[in-house]
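Enquirer: Here it is, the structure, as structure tokens.
Please treat every number below as a calculation from the coordinates, not as lab data. Treat the numbers as computed from the prediction; the structure is a model and nothing was measured. Positions of Cβ are backbone-derived with ideal geometry, glycine not excepted, and every protein chain shown enters the neighbour counts.
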Amino acid sequence: MAFWFIQSLNSLALGGVLFTLAAGFSLIFGLMRIANLSHGAYFMFGAYLGLTVLQHGYGFSVAVLAAGLGVGILGGIVERVVLRRLAGNSLSQVLATLGVAFVIADSSLWLWGGDPQTVSSPALLSGAAQIFGLTFPLYRLAVLVFSILIAIGLWLLLDKTKLGVMIRASVDDRQMAQGVGVPASKLFTIVFCLGTALAGMGGVIAAPILSVYPGLDADMLPLALVVVILGGLGSLAGAFIGSFVIAFIYSFGQVLFPDLAYIILFLPMVVILAVRPRGLFGRITA
Amino acid sequence: MKRAAYAALLVLLFSLPWWIGGVYYVNLASQILIAALFAMSLNLLVGYAGLTSLGHAGYLGLSAYTSSWLMVNLGWGHLASASAALAGTTLMAAMFGLIALRATGISFLMITLALGQILWGVAYRWAGVTGGDNGISGLTRPSPFGLDLGNPNYFYFFSLTVFLLVWGLIAVWVASPFGASIRGTKDQPRRMSALGFNVWLIRWTTFIASGFLGAVAGLMYVYYQQFISPHSLSLANSAEMLLMVIAGGPGTLSGPVVGAALVVLLKNVASDYIDRWVMLLGFVFIFIVMFVPGGIVAGIARLGSSSMLLRKLRGTKPDLQPGAGHAGNAP
């Protein structure tokens, strides 16, 4: 009983991490129609940035914000310098993001070395919570809360603000939106910055759980892909539910069938593709 | 005239060990031929069918692991293990095709990436069978017709023979009516469908053929290396193969070969000076995609006629390949 409970809570925490990664991925896909294959690299780069900020003695929240800002700016530069020049050719853009992913990953290896680095959770949250007589690290609960806050924030942004209206309009019908004066070019940069910043923040948030190591990017990218294929491309609700479904399957799979956890992880993707190719909540058929 | 040029090229290729000066270069030539096999098999999908796959290294891995495992653990002979590896990988390609061809465009790319990562994950985590991170070693090179392929020169001739066979096969296939229908499904899937062609079946057949030739390349790879580890199945390796196709010229016969030669030479030369090969790979990728979108073979031809590159650098929109422009271009 305790095993199932603890594993479930672990899955919820991992789901929270996956959501910060997949939400940006899904948002970028929804608006720009490109699969950002450098998303895992932004996640890892954010984690390393956060690590450096922490090593300089700043607090955890500063590290999260700094990583979000740093990675967001990097994403903005990539969007302006590389992706912008390939506008209209999604496939070339996707391949360019793959190139960017290699450059970022190898730069991180160069800057921070090849040894895995552990990050301790912030002092305030380093204790353990008592739930039904079971001890559970407080930090993992905080991650879950954080991801829910992010989800609410994104929902408010998309649903209640003018910016959100413009983004949704462009997702639904880009040409029409441009026709009525939505500055699509500016939106692309904003959304790309936002999506990559979320990934960067997610990297720091995940660091105390997953630790930071070269290859983290390649580990996370397929998870983000599976989440959005499951939840539907460009759907925030899909990304949210998909993240937790995948997190549960991954956490339990790793404990129950450690050798085959990776295969089990991709089974829901295969089933969804066979039954409902556009994903659980997807509207876009790509 | 053209025939004479081809004949001269063949003579040059078959006499390579005598004029290239050194075992190192003979091995490098074998590496290029094997890389070209990968690129050519991937080109069937990427260039002719217009389906960009990022999971091609999976076939390399499956074929290499199957043959190695059967030989090392069960003591099978070369012929039996190679046949089993080819059959098994082709079967896997058929199953992957069923999944991946639910989509086209960028979704297809994402699914093939995910499938490739599954195979990588199996190789890496299922340590009881695959040896985990250590991989499998102990495989020997075969000796067809009594020729010991442990000799670099003989191995080069063997690679060249396989390469020419596959080249011929692809050339015939692409020129056939079926090849024309593949290109048709790339450019105009709806019209092909309206004309009564089974677009899905054409794509699936191509997918399987690409997997089979990928398995052939995987066998050559593992015979050359005599070692296989999860690293060979990584996303970076799949991306490298895709780079060869895109850099050389997708949808052409010689493009992938040129791309393979470029990548292998670059990798070998670069690794002598810097150990940041992955970063270089990334920059080359971005550069090729941004400035040489049709590949080097086409790019050189165009560069001769106009100042294409200059206009690109000034930020004019690159001319797009038909059909590649829209992610939502579903059939």
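Enquirer: Pairs of lysines 8 or more apart, or on different chains, with alpha carbons under 24 Å: count those in the protein assembly as shown, would you?
Expert: Count of close lysine pairs: 5.
Enquirer: Give me the percent relative contact order of region B:16-231, please, defined on Cα pairs under 8 angstrom at least 6 residues apart.
Expert: Taking the mean separation of contacting Cα pairs over the length of region B:16-231, I get 39 percent.
Enquirer: Among all stretches of chain A without exposed chymotrypsin sites (Phe, Trp or Tyr not before Pro) (DSSP loop, at most 14 other Cβ atoms within 10 Å), which one is longest?
Expert: A:133-286
Enquirer: In which sequence would B:ILE136, B:ILE111 go, from the one with the fewest C-beta neighbours within 10 Å to the one with the most?
Expert: Going from least to most buried by this count: B:ILE136, B:ILE111.
Enquirer: Ok, one more. What are the semi-axes of the equivalent ellipsoid of the protein assembly as shown, taken as the square roots of 5 times the eigenvalues of the Cα gyration tensor, listed largest first and rounded to whole Å?
Expert: 41, 29, 23
Enquirer: Can you give the Kirkwood hydrodynamic radius for region A:166-256, in Å, rounded to one decimal and based on Cα pairs?
Expert: One over the average 1/r among Cα pairs gives 15.3 Å for region A:166-256.
Enquirer: Could you grab the relative contact order for chain A? Cα pairs under 8 Å, six or more apart, rounded to a whole percent.
Expert: Normalised by residue count, the contact order of chain A is 36 percent.
Enquirer: Send over the semi-axes of region A:59-185's equivalent ellipsoid, whole angstrom and largest first, taken as the square roots of 5 times the C-alpha gyration tensor eigenvalues.
Expert: For region A:59-185, the ellipsoid semi-axes come out as 36, 25, 12 Å.
Enquirer: Roughly what would the spin-label model give for B:LYS2 and B:PHE283, points 7 Å off Cα along C-beta, in nm?
Expert: 3.9
Enquirer: Suppose every Lys and Arg Cβ carries +1 and every Asp and Glu Cβ carries -1, with no other charges. What dipole size does chain A come out with about its Cα centre, to the nearest 20 debye?
Expert: 840
Enquirer: Run the quick spin-label model on B:ARG191 and B:VAL129: label points 7 Å from Cα toward the beta carbon, then report their separation in nm to one decimal.
Expert: Each label point is offset 7 Å from its Cα along the Cβ direction, giving 4.6 nm.
Enquirer: What ranking do B:MET71, B:MET95, A:MET220 get, fewest neighbouring Cβ atoms within 10 angstrom at the top?
Expert: The order, fewest Cβ neighbours first, is B:MET95, B:MET71, A:MET220.
Enquirer: Could you pull out which residues in region B:188-222 have an amide N less than 16 Å from a spot 7 Å beyond the Cα of B:ALA87, following the Cα-Cβ vector?
Expert: B:212, B:216
Enquirer: Counting alpha carbon pairs within less than 8 Å and at least 6 residues apart, what relative contact order, in whole percent, applies to region A:146-286?
Expert: Computed value for region A:146-286: 19 percent relative contact order.
Enquirer: Taking the Cα centre of chain B as origin, sum charge times position over the Cβ atoms of Lys and Arg (+1) and Asp and Glu (-1), and report the length of that vector in debye to the nearest 20.
Expert: Value, rounded to 20: 1020 debye.
Enquirer: Okay, next question. Would you mind working out the magnitude of the charge dipole of the protein assembly as shown relative to its Cα centre, with +1 at each Lys and Arg C-beta and -1 at each Asp and Glu C-beta, to the nearest 20 Debye?
Expert: 1840
Enquirer: With the Cα gyration tensor of chain A giving a ≥ b ≥ c as the square roots of its eigenvalues, does the rule (a/c under 1.5 for rounded; else a/b larger than b/c for prolate; else oblate) give rounded, prolate or oblate?
Expert: Judged from the Cα gyration tensor, chain A comes out prolate (a/c at least 1.5, a/b above b/c).
Enquirer: Same structure, new question: Report the one residue of A:ILE272, A:TYR262, A:MET166 whose Cα lies farthest in the direction of the positive end of the charge dipole of region A:160-286 (charges on C-beta: Lys and Arg +1, Asp and Glu -1; origin at the Cα centre).
Expert: A:MET166
Enquirer: Can you work out the FRET efficiency for the pair B:ASP148 and B:ASP272, with r the C-beta to C-beta distance and R0 = 22 Å, to the nearest 0.05?
Expert: It comes out at approximately 0.15.
Enquirer: What is the distance in Å between the Cα centres of region B:53-88 and region B:168-182?
Expert: Cα centroid of region B:53-88 versus Cα centroid of region B:168-182: 27 Å apart.
Enquirer: Which residue, A:SER108, B:THR205, B:ALA84, has the largest displacement toward the positive end of the dipole of the protein assembly as shown when charges sit on each Cβ (Lys, Arg +1; Asp, Glu -1)?
Expert: Among A:SER108, B:THR205, B:ALA84, the one farthest towards the positive end of the dipole of the protein assembly as shown is B:THR205.
Enquirer: Calculated FRET efficiency, B:LEU164 and B:VAL72, Cβ-Cβ r, R0 30 Å, to nearest 0.05?
Expert: Once rounded, the FRET efficiency stands at 0.50.
Enquirer: When the convex hull of the Cα atoms of region B:16-231 is projected onto a plane and the area is averaged over all directions, what value comes out in nm²?
Expert: 12.7
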